Amino acid sequence: MWRDPEPQQHYDVIIIGAGHGMAAAYYLAKVYGIRKVAVLEKGWLGSGNTGRNTTIIRSNYLLPGNEPFYEFSMKLWEGLEQDFNFNAMVSQRGILNLFHSDPQRDAFARRGNSMLLAGADAVLLDENLIRKMCPFLDYENARFPVKGALWQPRGGTVRHDAVVWGYARGADRLGVDIIQNCEVTGFDIQDGVCRGVETTKGPIKANNVGVSVAGSSSKVMAQAGMRLPMESHVLQAFVSEGLKPCLPGVITFGAGHFYVSQSDKGGLVFGGDLDGYNSYAQRGNLPTVEDVCEGGMAIMPMIGKARLLRMWGGLMDMSMDGSPIIDKTHISGLYFNGGWCYGGFKATPASGYCMAHLLATDEPHHTATAFRFDRFNKGLMIDEKGVGAQPNLH
Ligand SMILES: Cc1cc2nc3c(=O)[nH]c(=O)nc-3n(C[C@H](O)[C@H](O)[C@H](O)COP(=O)(O)OP(=O)(O)OC[C@H]3O[C@@H](n4cnc5c(N)ncnc54)[C@H](O)[C@@H]3O)c2cc1C
């Protein structure tokens with residue numbers, strides 16, 4: 001699918017991390033004509049969160065700093081398989097955000113209107129319509145009755161690791177060097193200018209360096225002397241045994257943290273909250289399993305009969321306001337992409353595109369102007385959830 005080259009001595013651009021970074025390399029080569037590019041990955045392609053997520057895509061955001069960006073990403077998903085000529089199993093089967101009270105309905109109506117204003121799609125469904133779509137939900141639950149849902153028909157799922165494979169094959173064909181098993185261990189910074197990186201395969205020079213390493217962001221940027229407004233946390237995902245098709249699309253619980261879809265092999269793919277403390281371990285703990293399963297049982301008790309087949313964890317780059325950063329740093333030639341919390345998979349195409357735009361032009365893409373470092377100094381937080389500077393809650 002792609003070459004396995006030895007690193008060259010010098011590149012125009014080096015990108016660290018082969019998730020969003022792979023997408024950035026693809027768009028750098030394809031859209032901006034910059035092809036002397038290397039992607040350095042310490043593991044294998046998709047070994048990070050890009051290959052560990054619950055595959056949900058959507059653009060159902062509220063705030064003006066976020067919604068146009070995520071809708072740009074949704075539009076890129078819609079043409080992605082034709083663009084890189086690879087089957088990524090983009091499946092727009094819809095996402096239902098259930099609501100359980102009248103005030104929550106009002107909040108979801110507001111969100112839906114905000115989505116429509118940004119050119120996205122949103123429909124407010126009442127309980128009767130949901131009953132037809134999802135007869136298995138617990139409508140009589142005394143604490144969390146299902147009263148309706150905000151539905152985004154264009155939301156859905158994508159086969160996560162196929163996305164990185166598609167970008168990798170496309171980028172490789174355009175001349176990008178993909179160098180796996182190559183960990184970046186330091187930066188070559190002289191007089192405030194980043195001139196390359198130190199790696200386990202030796203030093204490599206570059207005009208520009210982009211960092212896109214998710215949960216490793218704090219550790220990698222510390223090598224450049226930067227302290228980030230970010231924490232690393234574990235998020236787990238779960239897959240049940242294969243069942244006959246029963247879920248119409250993605251369903252999210254509005255009174256707790258639980259989201260579920262059904263894979264093409266029949267497994268229920270689901271997840272919930274972070275593990276609740278800082279960690280660099282790519283595995284989770286049992287109390288969170290119980291919490292996630294309680295959420296599942298509260299809205300769809302039938303899940304209690306399914307057997308859990310497998311589970312795993314990923315390293316989340318939780319920012320202080322729950323929104324990402326795609327920005328240059330104070331070090332000339334050093335650029336950063338991160339803070340995706342647990343919503344960055346859906347952003348992969350737009351994040352890659354906007355990072356490529358930033359690296360090529362030194363200016364933010366027009367859909368990503370709010371994703372700047374200095375918003376934390378200036379108090380211009382993009383606090384989508386409204387929970388303040390508490391990364392574990394975003
Ligand atoms: C369990 C789980 C469920 C999720 N569910 C969803 C979902 O349903 N929808 C959604 O939108 N998002 C979801 N997410 C979030 C999403 O997966 C991430 O936000 C997104 O994939 C981040 O992409 P990335 O490229 O920034 O990170 P990654 O894919 O993690 O890529 C970073 C790469 O950098 C590499 N790296 C790190 N340090 C170095 C170094 N020093 N040198 C070289 N390489 C290095 C890593 O090996 C890794 O491959 C989920 C995440 C998890 C863990």
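Scan the stretch 251-263 for residues that are closer than 16 Å to Asn53 by Cβ and not β-branched (Val, Ile, Thr) and report the count.
Step one: filter the stretch 251-263 for residues closer than 16 Å to Asn53 by Cβ, giving 252, 257-263.
From what is left, the residues that are not β-branched (Val, Ile, Thr) are 257-259, 261-263.
Residues that pass the stated criteria total 6.
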Q: Test each condition in (1) in contact with a strand residue (DSSP E or B) (Cβ under 7 Å, 6 or more places away or on another chain); (2) of a type outside the set (Asp, Glu); (3) surrounded by 21 or more Cβ atoms within 10 Å (Cβ to Cβ) for Ala23 and report the one that comes out false.
A: (1)
Q: Please give the strands (runs of 3 or more DSSP E) falling wholly within the stretch 265-346 in which 1 or more residues are farther than 23 Å from Arg58 by Cβ and out of contact with any Phe, Trp or Tyr (no Cβ under 9 Å at 6 or more places or on another chain).
A: 267-278, 334-338
Q) Which of (1) within 16 Å of the ligand (Cβ to nearest atom); (2) out of contact with any Lys or Arg (no Cβ under 8 Å at 6 or more places or on another chain) does Leu129 not meet, given it meets every other one? A) (1)
Q. When both residues are 6+ apart or on different chains and their Cβ atoms are under 9 Å apart, which pairs have a first residue that lies in the stretch 136-160 and is within 20 Å of His100 (Cβ to Cβ), and a second that is among the basic types (Lys, Arg) and within 16 Å of the ligand (Cβ to nearest atom)?
A. Gln152/Arg58; Gly155/Arg58; Gly155/Arg93; Gly155/Lys346
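I'm trying to understand the selection: among the residues of the stretch 339-390, which are aliphatic (A, V, I, L, M) and either surrounded by fewer than 16 Cβ atoms within 10 Å (Cβ to Cβ) or in contact with a Ser or Thr (Cβ under 9 Å, 6 or more places away or on another chain) (or both)? Give the derivation first.
Step one: filter the stretch 339-390 for residues aliphatic (A, V, I, L, M), giving 347, 350, 355-356, 358-360, 368, 370, 380-382, 387, 389.
Those that are aliphatic (A, V, I, L, M) and either surrounded by fewer than 16 Cβ atoms within 10 Å (Cβ to Cβ) or in contact with a Ser or Thr (Cβ under 9 Å, 6 or more places away or on another chain) (or both): Ala347, Ala350, Met355, Ala368, Ala370, Leu380, Met381, Ile382, Val387, Ala389.
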Q) What number of residues within the stretch 29-45 are surrounded by 21 or more Cβ atoms within 10 Å (Cβ to Cβ) and more than 7 Å from the ligand (Cβ to nearest atom)? A) 6
Q: Working carefully through the options Tyr11, Tyr61, find the one that is hydroxyl-bearing (Ser, Thr, Tyr), buried (at least 20 other Cβ atoms within 10 Å of the Cβ) and away from the ligand (no atom under 14 Å from the Cβ).
A: Tyr11
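Which strands (runs of 3 or more DSSP E) sit wholly inside the stretch 172-229 and have at least 3 residues that are over 18 Å from Asp317 (Cα atoms) and away from the ligand (no atom under 11 Å from the Cβ)? Steps first, answer last, please.
Details: elements: 177-179, 184-190, 193-199, 204-211.
Fully inside the stretch 172-229 and qualifying: 184-190, 193-199, 204-211.
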(Q) Which condition from (1) at pLDDT below 95; (2) touching a strand residue (DSSP E or B) at 6+ places or on another chain (Cβ under 9 Å) is the one that Arg143 breaks? (A) (2)
Q.
I'm checking my understanding of the structure. Among residues of the stretch 64-74 that are buried (at least 21 other Cβ atoms within 10 Å of the Cβ) and assigned to a loop (DSSP other than H, G, I, E, B), which one is farthest from the ligand (Cβ to nearest atom)?
A. Gly65
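Residue by residue, here is whether (1) hydrophobic (A, V, I, L, M, F, W, C); (2) over 24 Å from Ser261 (Cα atoms); (3) under 19 Å from the mean Cα position of the chain (by Cα) holds:
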{"site": "Arg3", "(1), (2), (3)": "no, yes, no"}
{"site": "Gln8", "(1), (2), (3)": "no, yes, no"}
{"site": "Tyr11", "(1), (2), (3)": "no, yes, no"}
{"site": "Gly33", "(1), (2), (3)": "no, yes, no"}
{"site": "Gly43", "(1), (2), (3)": "no, yes, yes"}
{"site": "Ser47", "(1), (2), (3)": "no, no, yes"}
{"site": "Leu62", "(1), (2), (3)": "yes, no, yes"}
{"site": "Pro68", "(1), (2), (3)": "no, yes, yes"}
{"site": "Trp77", "(1), (2), (3)": "yes, no, yes"}
Q: For the stretch 310-361, name all the residues that are within 9 Å of the ligand (Cβ to nearest atom) and among the hydroxyl-bearing types (Ser, Thr, Tyr).
A: Tyr342, Thr348, Ser351
Q) Among Gly256, Gly267, which is touching a residue at least 40 places away in the same chain (Cβ under 8 Å), more than 15 Å from the ligand (Cβ to nearest atom) and of a type in the set (Gly, Ala, Ser)? A) Gly256
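The values are calculated or read from the model by the stated rules, or taken from the named source; none is laboratory data. All of these numbers come straight from a predicted model, not from anything done at the bench. Virtual Cβ from ideal backbone geometry, glycine too; neighbours counted across all protein chains shown.
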